[in-house]
Amino acid sequence: MAKSTRKNSISKYEDHSFYCLNCGHKGIPIWRHRGHLHSKNHRKALYCPYCKTTVNHIEVRNFEEVEKFKENFNKGLYKEEAMESIMYIKNESLKEIV
């Protein structure tokens, strides 16, 4: 009986993929409640294991959104936003130290 309860609680979640705006790699996925939807192209500051820093990532939920992200990334549409994100996060972390 306990096993089916666990299965039901797990099925309430789904993983959401995040892609780094700085390097374009797929970041660490986050498990969210199925009903917990953000707007399309939601941004979230996450640590990127490829860039070795915290930077905004874009949330994608399906194959079409991944393809659109890759297309826009290759066009360079996220470069400025990525740099602003890195600078903002660095400045915020410096404020915490002082």
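The values are calculated or read from the model by the stated rules, or taken from the named source; none is laboratory data. On a predicted model such as this, the values are computed, not experimentally measured, just so you know. Note that we place each Cβ from the backbone using ideal geometry, even for glycine, and neighbour counts take in every protein chain shown.
Being part of a strand (DSSP E or B) and modelled with pLDDT of 80 or more is the filter; apply it to segment 27-41 and report the residue that is nearest to Lys68 (Cα to Cα).
Here is the first cut: in segment 27-41, the ones part of a strand (DSSP E or B) are 30-33.
Those still in the list that are modelled with pLDDT of 80 or more too: 30-31.
Working: Ile30: 20, Trp31: 22 Å.
For segment 27-41, the residue satisfying everything is Ile30.
Go through Asn41, Asn22, Asn72, Asn56 for me and flag whichever is of a type outside the set (Asp, Glu) and free of Cβ contacts under 8 Å to residues at least 12 places away in the same chain. Spell out how you get there, then give the answer.
Working: Asn41 fails: free of Cβ contacts under 8 Å to residues at least 12 places away in the same chain; Asn22 fails: free of Cβ contacts under 8 Å to residues at least 12 places away in the same chain; Asn56 fails: free of Cβ contacts under 8 Å to residues at least 12 places away in the same chain.
Only one candidate passes the filter, namely Asn72.
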Can you tell which of Lys44, Lys75 is exposed (fewer than 11 other Cβ atoms within 10 Å of the Cβ) and at pLDDT 85 or above? Lys75
